[in-house]
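Structure, as C-alpha cells:
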Amino acid sequence: MRWLMNVLTSSIGAKALMAATGLILVLFLVGHMVGNLQLFGGPDMLNGYAEFLHSKPLVLWVVRLGMIAAVLLHILSSIRLTLLNNRARPTAYKLKRPISSTFASRNMFLTGLVVAAFVTYHLLHFTFRATHPAFATLKDAHGRFDVYSMVVQSFSDPLIAGAYIVALVLLGLHLWHAIGSTFQSLGLMSPKLQPIVSAMSLALAGLLVLGNVAMPIAVLLGLVARTQGVTLP
Ligand code: HEM
C-alpha cells in the first residue's frame, strides 16, 4: 500500500501508473474484440470460444482480478493527476480558449465517465445477465451457454444497439487522445515522433471502434443470422 501512495503522490509516478494500466486495458480491448468478432463465424464458433474461456476458472479469475486492479488504479491515477494539475494552477484561466485541442482532448473526463457507465451496464447485461435474466436459459444444440443468441437478440433491439454504438464511439475518442497524451506526459514525444504517434493512436482507436461497432450494426442490418431467442420483458 505504501508503494502505491509513493507512486500516486508523485506526478511522474501517477502518469506512469496511468500509462501502464491504460496499456493493460487496451490489450484487453484488442483481445476481447478479436474474440467477439467470432460472432461472424456463427454460433458454434462464438459459443465454443466462450466455453473455452470459462473452462479455465483459475486463469479466468487471475485475469479478472488483474483487470479489476488495472481499472481501479487507472481511475485513481486519473483523479490524482487532475488534483495535481489543479493544485499547480489554483486559479482557472480567465479566458479558457484552447489553442490546440480537439473534442477528445477537452473531454477526457467526460468520455472516461461514459466508458465507466458503459462497462457497468455491459457487465450487468452480458456477464451477470441482470438486465435480462431470461438470457440465462439460453442453450445451444451442444448444451453450451448460447452467447451468440444473447448477443444477436440484444443487438436486434435498436435502443441497446444504438447505446452500444454511441458508447463505443466515445470510448474510441477517449483512447485516441489517451494514447497520444501518454507519450507526451512520459516525455517520450519529439517533433519527429509526433506525426507517427498521432497516426498510430488514430489508427488503433479507429480499428477498435470499427471492429466493435461492426457487431451491433451488422445485427441491426440483418446481416447476422438469428437463431433461438427468449421472450424479453
Ligand atoms: C460490441 C462490442 C462488445 C461485445 C459484443 C461484447 C461482448 C461480451 C460478452 C458476450 C461478454 C460475456 C462473456 C461471457 O461471460 O462468456 C463480455 C464480457 C465483458 N466485456 Fe464485452 N463486449 C463488447 C465490448 C466491450 C468493451 C468495449 C469493453 C470495455 C470497455 C468490454 C468489457 C467487457 C468485460 C470487462 C467483460 C467481463 C469479462 C469477464 O467475464 O471476465 N466489452 N463482453
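Read-outs throughout are calculated quantities, based only on the coordinates presented, and are distinct from any laboratory measurement. Quick caveat: nothing in here was measured; it's all calculated off a predicted structure. For neighbour counting, all protein chains shown are included, and Cβ atoms are generated from backbone atoms with ideal geometry for every residue, glycine included.
Annotations for the structure displayed:
- Most fluctuating residue given options ALA141, ALA161, ALA14, as computed from a GNM of the chain linking Cα atoms under 10 Å: ALA141
- Residues whose amide H lies under 5 Å from that of LYS139, counting only those 5 or more places away or on a different chain, are ASP146; hydrogens are built 1.01 Å from N in the peptide plane.
- Considering only alpha-carbon pairs that sit under 8 angstrom and 6 or more positions apart, the relative contact order computed for the range 97-230 is 32 percent.
- Under Karplus coefficients 6.51, -1.76 and 1.60, residue-wise ³J(HN,Hα) of the range 13-24 in Hz, glycine/proline x: x, 5, 5, 5, 5, 5, 5, 5, 6, x, 5, 4
- Only one residue of HIS54, PHE109, LEU65 has its Cα farthest out toward the positive end of the dipole of the range 34-186, where Lys and Arg carry +1 and Asp and Glu -1 on Cβ, and that residue is PHE109.
- The lysine pair count for the chain, using Cα distances under 28 Å and pairs eight or more places apart or on different chains, is 4.
- Electrostatic bookkeeping for HIS142 treats Lys and Arg as +1 and Asp and Glu as -1; over the other residues with beta carbon under 11 Å from its beta carbon, the sum is -2.
- Karplus-derived 3J(HN,Hα), 6.51/-1.76/1.60, for each residue of the range 189-204, Hz, glycine and proline x: 8, 9, x, 5, 6, 3, x, 5, 5, 4, 5, 5, 5, 5, 5, 5
- The sum of -39500 (n - 2.57) across all DSSP H runs of n ≥ 4, divided by the residue count of the chain, sets its helix-only mean residue ellipticity at 222 nm to -23500 deg cm²/dmol.
- The 3J(HN,Hα) values that the Karplus relation (6.51, -1.76, 1.60; θ = phi - 60°) gives for the range 105-120 are, in residue order, 6, 7, 10, 4, 5, 5, 5, x, 5, 5, 4, 4, 5, 4, 4, 4 Hz. Gly and Pro appear as x.
- Size of charge dipole - the range 113-233 - debye, nearest 20, with Cβ of Lys, Arg +1 and Asp, Glu -1, no other charges: 120 debye
- Around the Cα centre of the chain, unit charges on the Cβ atoms of Lys, Arg, Asp and Glu (plus for the first two, minus for the last two) sum to a dipole of about 1140 debye.
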